[in-house]
Structure formats: structure tokens, C-alpha cells
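Engineer: Let me give you the structure first, and then I'll get to my questions.
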């Protein structure tokens with residue numbers, strides 16, 4: 001029987017909280033007990049070397065799945081493809097729950113910024129979020145399927161059209177792996193990277209209110225490091241002599257040295273002179289906050305991602321823009337890709353992409369603004385009046401011209 005997805009409501013029951021026994025995050029029910037199947041999966045997921053952030057992301061996806069199963073009245077080990085299908089449709093129909101209503105961003109949600117050309121986020125689940133949700137559910141049931149538990153068939157089904165028989169060349173000594181495209185994954189529109197031109201970068205830089213913020217953004221735009229990688233820098237990760245910094249890559253957790261511009265290191269010196277320097281094991285980026293339970297004394301704490309977002313939010317409010325830290329990464333990558341002296345392999349190494357195809361697919365693209373400018377110039381040339389033909393010299397006789405060019409009577 002088809003469910004009425006328009007009227008179906010999913011209660012916000014349970015929560016994601018820090019875990020124990022080596023698991024950074026776990027999913028808890030309303031009674032405060034960890035949900036056992038989810039805890040078993042997350043423990044195995046964490047043991048395979050996945051980061052705390054990935055464990056947290058998977059925990060929230062499974063909490064969403066558990067809430068959905070309670071709303072439709074299906075046990076987790078009795079789930080079918082119908083539950084995955086209906087959840088995908090429900091996520092596309094209903095907005096994300098919010099702790100508080102929008103205030104200042106209510107008028108811009110879902111619209112396109114006229115300065116940057118970027119779309120503001122709205123209150124609905126993005127296609128990438130739904131695809132990630134399906135991937136987490138699939139991994140969850142694959143884990144229990146390997147143990148002979150849970151449903152006989154993974155509820156996240158895959159289509160194999162055009163790929164021949166699934167697992168046609170399977171090695172009998174290895175376990176089966178899912179193949180094909182997830183059936184209920186929504187399509188993701190291809191997004192072109194947005195880069196700041198020199199004027200936009202100058203305007204953004206001028207609005208920053210501290211040497212710390214100037215150093216951090218200048219360093220990011222010069223080497224394309226991700227926000228989490230830059231925020232993870234410590235005092236020993238700065239090589240002043242060779243003008244480079246050492247980051248921990250997001251996916252592989254490998255250490256990698258990245259260059260920095262002269263400008264970035266100048267602002268970095270000015271910032272460290274203000275805070276009095278940092279120790280080799282201390283976080284490089286700090287901010288001052290009042291300590292709880294004291295008489296208003298200020299103390300240094302590491303700069304968090306939310307605090308960095310607040311820095312950009314204040315700058316965007318002044319400029320009427322919606323730039324993000326990832327736009328600085330795109331800016332660095334497109335600048336390098338447009339330099340004939342920098343190879344695509346160099347760009348891949350600096351960005352930390354595992355595959356060269358990823359770098360080529362994202363950054364070897366024609367800038368949309370340049371394309372629009374050239375087409376607009378083409379249309380302007382078509383609108384220009386055509387010049388009058390040069391008159392034929394009057395010294396020729398009309399009869400001779402008719403023989404040469406025809407008299408136009410055909």
C-alpha cells in the first residue's frame with residue numbers, strides 16, 4: 001500500500017552524542033541507551049581508520065534512518081527497498097528540521113547572489129545529502145549481511161542495466177561487492193567551481209578585521225588547503241625557512257607540505273607577534289574567550305570551524321556576497337590550472353586529489369564568465385550595421401559588368 005508521504009511526519013527522537021570504547025560518536029534513543037545495531041556498525045566503521053568527522057556523519061544518517069523506520073512502523077531487520085524509496089521521496093518533499101526559524105537569511109534562502117553568482121542554501125535536503133544517506137544505509141546493511149544478520153537482500157538496491165551480469169568476474173576467494181548505480185539516488189547537477197577574481201579577493205581581504213584572519217585566508221588562497229586542514233595546523237607545522245606548512249589530508253590522514261605565498265607569511269608573522277607566538281604542539285590559530293566560572297578572565301582557545309564561518313559571515317554581510325572557504329580553494333586551483341608553467345599533475349598534488357581525473361573533471365573547464373563575455377561580444381558584432389559595399393568604379397561600362405557579374409535577371 002502506498003504511503004501518504006505528504007502527511008507523514010517523522011518525530012525527532014533520539015540523538016547523536018559522543019560515544020565510548022574508541023567510538024567518537026554513537027546514536028542514542030530517548031531512554032539514553034545506545035542503539036545496539038548502529039553501535040556495532042559504527043564501532044567497526046571507526047576501527048577501519050575512518051575519521052571522527054566521518055563517524056559523526058554516518059551516525060546522523062543512521063539516526064535519520066532509525067527515525068524513519070519508527071515513523072513507518074518497520075523493524076530495522078525487516079526493511080525493504082520500498083522503505084528506501086519512500087524515504088528518498090520524503091526527503092525531497094519535506095524541509096530539514098531547524099532548531100530555530102530563519103531570521104536574516106529568510107529572504108535569501110534558495111536565491112542566487114547577484115555578486116558571486118552562487119546559490120544560497122535553502123531548507124530542503126540537497127541531492128548530495130540524499131545520496132550520502134543511501135550510501136550509509138547500504139554500508140550498514142552490507143555490514144550485517146556479511147555476518148548473516150539483517151535482511152536477506154540489502155534494501156538499497158542497485159541497477160545493473162548495461163553492465164552485464166553483476167559480479168561476472170568475481171573471485172570466489174573474495175566476498176561479493178555491490179555493483180551498479182543505486183536505484184533511488186537523485187541526480188546531482190554538475191556544479192562549476194566558483195573563483196574570486198582579483199577585485200573580489202581584494203574586497204574580501206579588505207573587510208577582514210584582524211591579522212589572524214588575513215593570514216589564514218591568504219594562506220588558504222595560496223595553497224588551496226581545505227578549511228579543516230588549515231585549522232589543524234600547529235606551531236611545528238610551519239617551516240619558515242622554506243615558506244611552507246604541513247597539513248593532515250582530509251581523506252588519507254597523510255602529512256603533506258604545501259607552499260605558502262610571501263603575503264601569507266607576512267601576515268602570519270604579524271599575527272604571531274600579536275599573540276606572542278605559539279608552542280610547537282599548540283594550535284596555530286587561536287581566539288580569546290571568557291573562561292566559564294571565572295571573573296571574566298580571557299583565555300586562548302583553538303579557532304573552530306564555526307568561528308571561522310562567523311568570520312566569513314561578517315565579511316559577506318558587509319559585501320553582500322556569499323563566499324565560502326571552499327571558494328578560496330577553487331580560486332587557488334583555477335589560478336594554477338590557468339598557468340602554463342604549472343602542470344595538471346602539480347595541481348592534483350597540491351589539492352590532494354587521489355585521482356588525476358578528479359582534478360581534470362573539476363578544474364579543466366572553461367570559466368563560464370569568459371564564455372558569456374565572448375558570446376555577448378559575438379551578439380554585439382551581429383547587431384552592428386553592415387558597411388555599405390564599395391561602389392564600382394564609374395569607368396566600367398554597365399554592359400561589361402553585366403557580362404562579368406550577371407545582370408540579375410536569372
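Engineer: Taking a point 7 angstrom from the Cα of residue 192 along the C-beta vector, which residues in the range 107-129 have backbone N less than 18 Å away?
Structural biologist: Counting backbone N atoms under 18 Å from the label point, the list is 112-120.
Engineer: For n ≥ 4 DSSP H runs only, could you compute -39500 (n - 2.57) per run for the chain, divide by its residues and tell me the 222 nm figure to the nearest 500?
Structural biologist: Rounded to the nearest 500, it is -13500 deg cm²/dmol.
Engineer: Using a Gaussian network for the chain with springs between C-alpha atoms less than 10 Å apart, which of these wobbles most: 81, 97, 398?
Structural biologist: Checking each option, the largest mean-square fluctuation is seen for 398.
Engineer: Let me ask something else. Quick check: residue separation of residue 52 and residue 21 times 0.36 nm, minus the Cα distance between them. What number comes out in nm?
Structural biologist: Gain on extension, residue 52 to residue 21, equals 9.8 nm.
Engineer: Something else about it: So what is the diffusion coefficient of the range 66-109 in µm² per second by Stokes-Einstein at 10 °C and 1.306 mPa s, using a Kirkwood Rh over Cα pairs?
Structural biologist: Reported coefficient: 126 µm²/s.
Engineer: Per 0.36 nm of contour for each residue apart, how much would the distance between residue 317 and residue 11 grow if the chain were fully extended, relative to their Cα-Cα spacing?
Structural biologist: Length gained between residue 317 and residue 11: 106.7 nm.
Engineer: For residue 342 and residue 288, what is the calculated FRET efficiency with R₀ set at 35 Å and r taken between the beta-carbons, to the nearest 0.05?
Structural biologist: So, using R0 = 35 Å, E works out to roughly 0.35.
Engineer: Looking at the range 234-322, I'd like the Rg to Rh ratio, where Rg is from alpha-carbon atoms and Rh is Kirkwood's inverse mean 1/r.
Structural biologist: Over the Cα atoms of the range 234-322, Rg/Rh equals 1.02.
Engineer: Round to the nearest 0.05 the FRET efficiency obtained for residue 94 and residue 397 when R0 = 60 Å and r is the Cβ-Cβ distance.
Structural biologist: The formula returns an efficiency of 0.10 here.
Engineer: Is the shape of the range 93-149 best called rounded, prolate or oblate, per the rule: a/c under 1.5 gives rounded, else a/b larger than b/c gives prolate, else oblate, with a ≥ b ≥ c the square roots of the Cα gyration tensor eigenvalues?
Structural biologist: Judged from the Cα gyration tensor, the range 93-149 comes out prolate (a/c at least 1.5, a/b above b/c).
Engineer: If I build a Gaussian network model for the chain, linking alpha-carbon pairs within less than 10 angstrom, which residue out of 247, 230, 278 has the largest mean-square fluctuation?
Structural biologist: Evaluated over the chain, the most mobile residue of the options is 278.
Engineer: Then there is this: Order these by the 10 Å Cβ neighbour count, fewest first: 60, 396, 125.
Structural biologist: Result, fewest neighbours first: 396, 60, 125.
Engineer: Still on this model: Between 229, 83, 384, which gets the highest mean-square fluctuation from a Gaussian network model of the chain, Cα cutoff 10 Å?
Structural biologist: With Cα springs under 10 Å in the chain, the top fluctuation among 229, 83, 384 is at 384.
Engineer: Order the peptides 343-352, 48-57 from the highest to the lowest mean number of other Cβ atoms within 10 Å of their residues.
Structural biologist: Highest mean packing first, the order is 343-352, 48-57.
Engineer: Cα convex hull of the chain: mean projected area in nm², to one decimal?
Structural biologist: With the hull built on Cα positions only, its mean projection is 37.0 nm².
Engineer: Let me ask another. How high is the relative contact order of the chain, in percent, with contacts defined as C-alpha pairs under 8 Å that are six or more residues apart?
Structural biologist: Reported relative contact order: 11 percent.
Engineer: Given that compact globular proteins tend to follow 2.2 N^0.38 Å, what is the ratio of the alpha-carbon Rg of the range 198-363 to that value?
Structural biologist: Ratio of Rg to 2.2 N^0.38 Å for the range 198-363: 1.08.
Engineer: Another question, then. Going by how many other Cβ atoms sit within 10 Å of their own, how do 130, 372 line up, fewest first?
Structural biologist: 372, 130
Engineer: If you average 1/r over every pair of different alpha-carbon atoms in the range 1-153 and take one over that average, what Kirkwood value in Å do you get?
Structural biologist: It works out to 17.1 Å.
Engineer: Could you please state, rounded to a whole Å, how far the C-alpha centre of the range 62-133 is from the C-alpha centre of the range 335-385?
Structural biologist: 33
Engineer: Using 0.36 nm per residue of separation minus the Cα-Cα distance, give me the extension gain between residue 354 and residue 243 in nm, one decimal.
Structural biologist: Going from the current span to full extension adds 37.5 nm.
Read-outs throughout are calculated quantities, based only on the coordinates presented, and are distinct from any laboratory measurement. Here the structure is a predicted model, which is why all the values come from computation and not from measurement. Ideal geometry is used to build each Cβ from the backbone, glycine not excepted, and the neighbour counts take in all protein chains shown.
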